[in-house]
Each structure stands twice: as structure tokens, then as C-alpha cells.
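For reference, the structure is listed below as C-alpha cells.
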Amino acid sequence: MKIAINTTSAVAGGGVTYIKNLLAHLSRLDTTHHYLVLTTRAGKERFSFQHPRFTFLSFRLPSKSSALRLWWEQIVLPRFLKRNHVHILFSPANMCPLFSKISNVVMIQNIEPFGNRVPENRSFMQRIRLKFLKRLTIMSAQKAQTAIFPSVKARADFEKSGVLIKHAEVIYHGINREIFHPIRDDDKAFQFRKKYHLDNFILFVSNIQRYKNFFELIRAFVLLKNKIDNAIQLVFAGTCFDQEYFDEMKAFITGEGYEHRILFLGNIPYEDLPYLYSACKLFVYPSTCESFGLTLVEAMACGAPVLASSREPMPEICADAALYFDPMNPVAIADMIMETLKNPGLLSALARNSLERAKAFSWENTARNTLKTFTNIP
């Protein structure tokens with residue numbers, strides 16, 4: 001059977017991590033089927049590897065703009081699939097070709113358009129974009145033979161729309177334990193701290209988007225002035241996808257005189273993340289809307305004590321490995337950070353619970369269950 005995987009939407013963050021690990025583990029598990037991995041020029045450099053059953057093909061149009069990628073997916077891609085005798089197309093970014101006769105599996109990776117509270121504080125164009133994405137996601141899920149959701153919460157949010165789909169599966173993302181594990185004080189850890197000029201810090205790893213709720217965490221941190229060690233910094237790592245939101249935060253930080261205590265590292269190398277997770281005093285995750293929350297699992301696998309938003313799927317993913325707060329209440333966030341930092345026993349217990357909970361996630365299981373979904377399609 002020939003299976004095509006459309007990775008053209010994977011440009012940064014969790015989407016890239018998911019594709020890289022899924023492909024790597026499928027290549028180890030499956031010696032029967034042939035895979036066509038459809039990507040962009042940058043994606044081919046990022047994802048490709050040598051394997052007799054994996055062919056990596058790059059396309060220019062999908063990388064030029066979202067509109068061109070949509071046109072390519074709906075008009076060009078179906079013809080390509082038919083010409084190459086593809087049996088199944090896997091689309092891991094919400095949308096599949098709506099007029100193709102090829103069997104489709106679609107993963108609903110972005111659940112933002114289905115959250116009741118998500119459109120708050122969005123511009124008119126952002127709200128239009130979310131409505132358009134919601135409509136295309138619904139149509140794609142109805143078209144597909146199977147829709148995959150990365151959490152029970154993602155599936156529940158989608159089902160609230162009242163849309164009937166043929167078949168649904170919940171398949172969690174995994175963790176690469178060769179990369180993500182606790183790293184204590186050794187030469188590499190020292191060099192890492194020196195490289196980023198970090199010592200005592202609270203961490204949040206995420207691409208900068210409004211629903212990730214950076215601003216409330218920043219406000220909470222400012223409320224902690226003289227209540228926790230003033231040497232502790234708040235550190236963010238991730239690519240900026242909302243310049244207006246970033247500028248608002250920077251203006252607030254400057255106004256409060258916190259330029260040296262609140263740091264944006266940008267998109268740091270993937271291999272540096274385990275050091276960042278292992279070195280932080282706390283990993284705080286204030287997001288208001290997620291389909292999974294991959295950096296939560298990465299942080300837990302490195303033994304970071306975790307405080308997280310009380311909105312699902314954060315409790316689903318972390319279970320008893322985290323303490324939870326109202327993400328829209330800076331005072332509550334600040335109080336929880338302060339109480340946790342002042343309790344060494346609680347910090348140690350959270351770190352132990354993180355390591356234990358991370359054992360529940362495996363890329364091998366993700367790949368095996370995804371492959372099972374492919375092979376169950378008639």
C-alpha cells in the first residue's frame with residue numbers, strides 16, 4: 001500500500017517535532033508499505049532520511065503563503081495523488097483535499113477554532129481566519145475515513161460542534177527519551193547556563209501566540225516583586241508568530257523596569273531544550289487552549305516541577321504531576337508560584353511526579369497506533 005503524508009504545514013514548534021518523530025518511528029515499525037512524504041524545500045532538509053520505503057518530495061508553492069498552500073492542497077495535490085496511485089493520504093494539520101477520491105486520514109492538530117473563549121481579544125481578520133479554519137476543519141473531518149485527535153479534550157471540543165464523522169481516534173503524542181531526560185550539573189550544563197546567561201529562572205517554552213497567554217504570566221511575575229528572590233528570572237523560548245502581541249508585552253515589561261528579569265530567548269536549538277527544562281526552577285504553562293501540549297511532556301521527562309493552566313487538556317496530560325491555576329488570574333498564578341518556590345519538599349515531589357507521568361508517553365506508541373489507523377481503512 002502507498003501512503004502519502006502531507007507535511008507542508010509543519011513549519012515550527014510541536015508540528016515539526018511530531019512529524020520528525022512519527023516518520024522516524026514509522027520507518028522502524030513498518031516494513032510493508034511505501035511512504036511518500038510531501039513537504040517543502042525547508043521541510044525536506046528538516047525531515048528527510050535514507051530509507052528504502054520512504055520517498056521525500058518537496059514542493060515550492062505550499063511554502064509561499066497560506067493561500068497558495070490551500071490552493072495546492074485542494075487543486076494540485078489530488079491530481080498528484082491519483083497520478084502516483086496513492087491509496088491513503090494522511091493530513092496531520094486539520095485539512096485534507098475535499099474533492100479527492102483517495103482515502104483520507106486527518107489529524108485535528110489545531111483545536112483553537114473550536115474553543116468557546118478563544119476569539120476573545122482577536123482582531124477582525126483573526127476572527128475571520130478562525131471561522132474559515134473551523135469550516136475547513138469540519139469539512140475535512142467529514143470527508144476523512146478517520147479523524148485523529150491528540151487528546152480526549154480535543155475530540156470533545158470538536159464534538160461540541162455537533163458534526164458527525166465516520167470514525168475518530170485519540171492518539172497521544174510521544175517523547176524522545178534519548179533527548180529528553182534530566183541533565184544535572186556537568187560540563188555541558190555549565191556551558192549551557194553560560195551560553196544563555198541563566199542561573200535561577202522560571203520557564204515557559206512555546207511559540208508566541210495570544211492564546212498561549214504569555215501576558216498573564218508576565219503580569220503574575222511582576223506581582224511577585226520582593227516576594228521571591230529578585231535574582232529569579234522569567235524565561236521564554238519560542239518563535240514569535242504574533243508581532244503585535246509581542247510588542248504589547250515588551251512595552252509592558254519596559255514600563256515595569258523588568259527588561260533584565262524577563263527574557264525572550266527566541267527559537268533556541270532543539271538540542272538545547274533538555275538543558276533548559278532540567279535547569280529551570282519551575283516550568284509554568286499558562287496556555288488557554290491546546291490540543292495536546294507537547295512541551296509539557298518534554299518538561300516532565302526532564303524532571304521539571306510543573307505548574308499548569310487548569311483548562312483541559314493540561315490536567316489530562318499532566319494528571320497528578322502538576323499543580324493547576326486559573327490562567328486568566330495573575331494573582332492566582334503569582335500565589336501558586338510563590339508558595340511552590342518556598343516549599344522545597346513540594347518542588348521535589350513535583351519533579352518526581354513529572355518523571356513518573358512522562359513514562360505514559362511514547363513516540364513508538366504514537367507511530368504504532370497511527371499505522372494501525374492506516375491499515376484499518378478498507
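Six or more apart or on different chains, Cβ atoms under 8 Å: show the pairs whose first residue is in the stretch 185-204 and under 20 Å from PHE283 (Cα atoms) and among the charged types (D, E, K, R) and whose second is modelled with pLDDT under 85 and open to solvent by 30 Å² or more (accessible area, probe 1.4 Å).
Here the result reads ASP199/ARG193, each pair linking the stretch 185-204 to a residue that is modelled with pLDDT under 85 and open to solvent by 30 Å² or more (accessible area, probe 1.4 Å).
Within the stretch 214-221, identify whether any single residue is at pLDDT 95 or above, crowded, with 22+ Cβ neighbours inside 10 Å and in a loop (DSSP other than H, G, I, E, B), and answer yes or no.
No, the stretch 214-221 contains no residue that is at pLDDT 95 or above, crowded, with 22+ Cβ neighbours inside 10 Å and in a loop (DSSP other than H, G, I, E, B).
Any chance the stretch 258-272 includes a residue that's closer than 20 Å to GLY15 by Cβ and surrounded by 22 or more Cβ atoms within 10 Å (Cβ to Cβ)?
No: zero hits.
With the requirement that a residue be crowded, with 22+ Cβ neighbours inside 10 Å, in contact with a strand residue (DSSP E or B) (Cβ under 6 Å, 6 or more places away or on another chain) and polar (S, T, N, Q), what does the stretch 121-145 give you? Steps first, answer last, please.
Restricting attention to the stretch 121-145, the residues satisfying the condition of being crowded, with 22+ Cβ neighbours inside 10 Å are 137, 140-141, 144.
Narrowing further to those that are in contact with a strand residue (DSSP E or B) (Cβ under 6 Å, 6 or more places away or on another chain): 140-141, 144.
If the condition is that a residue be crowded, with 22+ Cβ neighbours inside 10 Å, in contact with a strand residue (DSSP E or B) (Cβ under 6 Å, 6 or more places away or on another chain) and polar (S, T, N, Q), then SER140 is the only one that fits.
Select from the stretch 224-251 the residues that are among the hydrophobic types (A, V, I, L, M, F, W, C) and either part of a loop (DSSP other than H, G, I, E, B) or surrounded by 15 or more Cβ atoms within 10 Å (Cβ to Cβ) (or both) and list them in ascending order. Explain how you work it out, then say what you get.
Taking the stretch 224-251 first, the residues among the hydrophobic types (A, V, I, L, M, F, W, C) are 224, 228, 231-232, 234-237, 240-241, 246, 249, 251.
Selection gives LEU224, ILE228, ALA231, ILE232, LEU234, VAL235, PHE236, ALA237, CYS240, PHE241, PHE246, MET249.
Inside the stretch 1-82, counting only helices (runs of 4 or more DSSP H) that do not spill past its ends, which hold 2 or more residues that are of a type in the set (Val, Ile, Thr) and buried (at least 17 other Cβ atoms within 10 Å of the Cβ)? Quick ask: steps written out before the conclusion?
On the way: elements: 14-29, 41-47, 66-71.
Once the helices (runs of 4 or more DSSP H) in the stretch 1-82 are filtered for at least 2 residues that are of a type in the set (Val, Ile, Thr) and buried (at least 17 other Cβ atoms within 10 Å of the Cβ), what remains is 14-29.
Can you find, within the stretch 45-79, the residue that is nearest to LEU22 (Cα to Cα) among those that are modelled with pLDDT under 90 and among the hydroxyl-bearing types (Ser, Thr, Tyr)?
For the stretch 45-79, the residue satisfying everything is SER63.
Among residues belonging to the stretch 198-213 that are over 16 Å from HIS260 (Cα atoms) and of a type in the set (D, E, K, R), point out the one that is least open to solvent (accessible area, probe 1.4 Å). Steps first, answer last, please.
As a first pass, look at the stretch 198-213 and keep what is over 16 Å from HIS260 (Cα atoms): 204-213.
Among the residues that remain, those that are also of a type in the set (D, E, K, R) are: 210, 212.
Details: ARG210: 46, LYS212: 22 Å².
So the residue we want is LYS212.
Can you tell me which residue in the stretch 320-378 is most open to solvent (accessible area, probe 1.4 Å), limited to those that are under 22 Å from the mean Cα position of the chain (by Cα) and of a type in the set (Lys, Arg)?
Across the stretch 320-378, the extreme among qualifying residues is LYS359.
The values are calculated or read from the model by the stated rules, or taken from the named source; none is laboratory data. Worth saying up front: this structure is predicted, and the values here are computed from it rather than measured. Note: ideal-geometry Cβ built from the backbone for every residue, glycine included; neighbour counts use all protein chains shown. We work out accessible area using only protein heavy atoms, side chains counted, and drop any ligands, DNA or RNA first. Shrake-Rupley method; radii C 1.70, N 1.55, O 1.52, S 1.80 Å.
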